[in-house]
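Engineer: This structure is in structure tokens; I'll ask about it shortly.
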């Protein structure tokens, strides 16, 4: 069985402006556009009048780690990463300092702090240099340059300044619920876990310098990661019956589609599916919508369409 992180969907009011910003500032190309109707609207439980159009974007040469921009009635104006559910899409970068210089003064990807170096090595993670931004629609978009990774891992190639999304992070109150979903329903393994209270990490998350939190990182196929953060204080929630603005939901691709859907149904987490939209990235492959921890939506797509 394999699961890989295929894309993260971001919701915003100005779809065309967001597409232009991702293209002109980050070098990502639109690979598909479409209307949210029929099977797709049913799968997402999304009213066409609220979410009429989408655009799928990719870093040059990539076949995963996409970002899907979805037109919606509102932007994420919470101004904080400290809420339940998804709060960032993290992109690999060849030189985060160069990109920071490009983005300074940009209203579309407003840097929230200068590039910051931090070390997750105590838990088996990498030494990284990152910055946090607010992307179009108020979505959290982090950009990271790997400085050093623990052996036997090697630094991933970065042929472009801004490469595919490699990590999506969500914040969750209920640890048991999160572990049950990621480990038993999806069948993901942990890459590393640990407690962190480091000023440089807190700076990126806009936490107090002496703040702390538990982090568990799950690994999909390749370099796709899902980070789950557990804070000591309760997190503000959102309405799980509506697609949230900003960082909205994750799409995973799995070779074990039927078994994942069966496990989700048995656990009471199957929300919609299975349907087979013809639009990209589905291409006639079956997809289902699951309810993850904190009400976060997870879309799963089968790796290959039935013959």
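Engineer: Which number in (1) under 23 Å from residue 2 (Cα atoms); (2) more than 21 Å from the chain's Cα centre (by Cα) marks the one condition that residue 271 misses?
Structural biologist: The one condition residue 271 does not meet is (2).
Engineer: Out of the stretch 114-123, which residues are surrounded by 15 or more Cβ atoms within 10 Å (Cβ to Cβ) and part of a loop (DSSP other than H, G, I, E, B)?
Structural biologist: As a first pass, look at the stretch 114-123 and keep what is surrounded by 15 or more Cβ atoms within 10 Å (Cβ to Cβ): 115-116, 118-120, 123.
Once the filter is applied, which keeps residues that are surrounded by 15 or more Cβ atoms within 10 Å (Cβ to Cβ) and part of a loop (DSSP other than H, G, I, E, B), the stretch 114-123 yields 115, 120.
Engineer: Residues that are under 19 Å from the mean Cα position of the chain (by Cα) and surrounded by 14 or more Cβ atoms within 10 Å (Cβ to Cβ): list the helices (runs of 4 or more DSSP H) wholly contained in the stretch 10-108 that include at least 3 such residues. Write out each step before concluding.
Structural biologist: Numbers: elements: 15-26, 38-44, 96-103.
Here the list reads 15-26.
Engineer: Test residue 140 against the criterion of being on the phi > 0 side of the Ramachandran plot and in contact with a strand residue (DSSP E or B) (Cβ under 8 Å, 6 or more places away or on another chain), and give yes or no.
Structural biologist: For residue 140, the condition - on the phi > 0 side of the Ramachandran plot and in contact with a strand residue (DSSP E or B) (Cβ under 8 Å, 6 or more places away or on another chain) - is not met.
Each reported figure results from applying straightforward, stated rules to the coordinates on display, with no laboratory input. Fair warning: this is a prediction, and the values are worked out from it, not measured in the lab. Quick reminder, even Gly has a Cβ in these numbers, built from the backbone with ideal geometry, and neighbours come from all protein chains shown.
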